[in-house]
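This report concerns only the one structure given below.
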Amino acid sequence: SVLATTRGEALMLDKTALGIAVLALLDAGRSTEAVVLIEEIPFDDGDATTGPDVVLLAARLALLAQQGCFDEGTRLWQPLRRRISGNPVWLSQLVRFEVQAARVRARWEVEHDALERMVSLARSGRAVPVIGLALAEAVFGAWLSGESELYDAYRADLVLLVERYDIPALLRFALAASGREPRVGRTDVPLWDARAFLLAAADARDGAAAARYAEAAVEAADVAEEALTRLLARVAAAEKHGNAPARPREALALAE
């Protein structure tokens, strides 16, 4: 609705509002709408170094990451990364692409370095939800890589932040990271809820609960349409649910 009320006032305002709207749609699992929206304004990578163009670049990279187009995103990002300047809130969102690209390529050292920069930039920007997002990415990356000490450090910071400032989008994920049981149900943030259910499935001591969380992860990940999380959710479902022969085949197809 904000986008609708500001359209046409100024190109710079259009770019900022459109970039934020695309990110919001991706968070809500509405990627088809995000694709249509971002095509409304032609992208000129020669301008994408400051201000609203950085917001638009962050949205474009987020969409490419969600689609699994990391080679295309890297070709776009690499020539710009040393020329970009501006608000650290948006710079942290750009570095998030580096995190996601390294993760799908199983390059933990590269991912770790990018996570440290993402968290540092987010903290210097002082936007609480963005700090929460950076910490959540760090928690998930450390968990996935088996870096237990780093995982404990990041999740302590995340849980404290969510409890202090009430960040609804990360509530289930923070609960799962703290060892508590997130509620299975309707999701407004499918990617982070899918990741929350993955953590919960791994931690569950009861087999039925683990299977329930794994299936909830599959459902939420399918809404989010992020390929790596969809794959991981199917691996979890195959492991936690003995009679799910289709899940490994689906995971292999996604890996291809």
**Asked** Separation between the ALA24 and ALA202 pseudo-spin-labels, each 7 Å from Cα along Cα→Cβ, expressed in nm?
**Response** 3.3
**Asked** What is the helix-to-structure angle for 51-67, meaning the angle in degrees between its Cα long axis and the longest Cα principal axis of the chain, kept from 0 to 90 and rounded to the nearest 10?
**Response** 30
**Message:** For the pair PHE43/MET12, report the inter-label distance in nm, with labels modelled 7 Å from Cα in the Cβ direction.
**Reply:** 2.2
**Item:** Ellipsoid equivalent to the chain - semi-axes via the Cα gyration tensor, in Å
**Value:** 31, 20, 18
**Cα centroid separation, region 1-80 to region 162-210 (Å)** = 28
**Complete:** Tilt, helix 148-165 to longest principal axis of the chain (alpha-carbon atoms), in degrees rounded to tens, equals 70
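Using heavy-atom solvent-accessible surface (probe 1.4 Å) with all chains present, what is the largest-first order of GLU72, GLU149, GLU111?
GLU149, GLU72, GLU111
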**Message:** How tilted is helix 246-255 with respect to the longest principal axis of the chain? Cα atoms for both, answer in degrees (0 to 90, nearest 10).
**Reply:** 30
**Asked** When the Kirkwood radius is taken over all Cα pairs of region 16-111, what Stokes-Einstein diffusion coefficient follows at 10 °C and 1.306 mPa s, in µm²/s?
**Response** 119
**Item:** Candidates LEU231, LEU37, LEU198: whichever shows maximal mean-square fluctuation once the chain is modelled as a Gaussian network with Cα springs under 10 Å
**Value:** LEU37
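Taking the Cα centre as origin and putting +1 on Lys and Arg beta-carbons and -1 on Asp and Glu beta-carbons, what dipole magnitude results for the chain, to the nearest 20 debye? Spell out each step's value before the answer.
Details: 29 positive and 37 negative charges, 64 e Å.
Around 300 debye, computed over the chain.
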**Fill in**
With every protein chain kept in place and a 1.4 Å probe, the residues ARG82, ARG247, ARG117, ARG103 fall, from largest accessible area down, as ARG82, ARG117, ARG247, ARG103
**Prompt:** Hey, in the GNM for the chain with a 10 angstrom Cα cutoff, which one of GLU163, GLU40, GLU137 fluctuates hardest?
**Reply:** GLU40
**Message:** Along the Cα→Cβ direction, 7 angstrom out, place labels at THR50 and GLU219. What is the inter-label distance in nm?
**Reply:** 4.9
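Tally Lys/Arg at +1 and Asp/Glu at -1 over every other residue whose Cβ is under 12 Å from the Cβ of GLN67; what's the total? Mind dumping the intermediate values first?
Working: positive: ARG60; negative: ASP71, GLU72, GLU225, GLU226.
Once all neighbours under 12 Å are counted, the net charge is -3.
What's the FRET efficiency of ALA153 with ALA227 using the Cβ-Cβ distance as r and R₀ = 25 Å, to the nearest 0.05?
With a Förster radius of 25 Å, E is 0.30.
The values are calculated or read from the model by the stated rules, or taken from the named source; none is laboratory data. In this text, all values refer to a predicted model and were calculated from it rather than measured experimentally. Every residue, glycine among them, receives a Cβ derived from its backbone with ideal geometry; neighbour counts consider all protein chains shown. We work out accessible area using only protein heavy atoms, side chains counted, and drop any ligands, DNA or RNA first. Shrake-Rupley method; radii C 1.70, N 1.55, O 1.52, S 1.80 Å.
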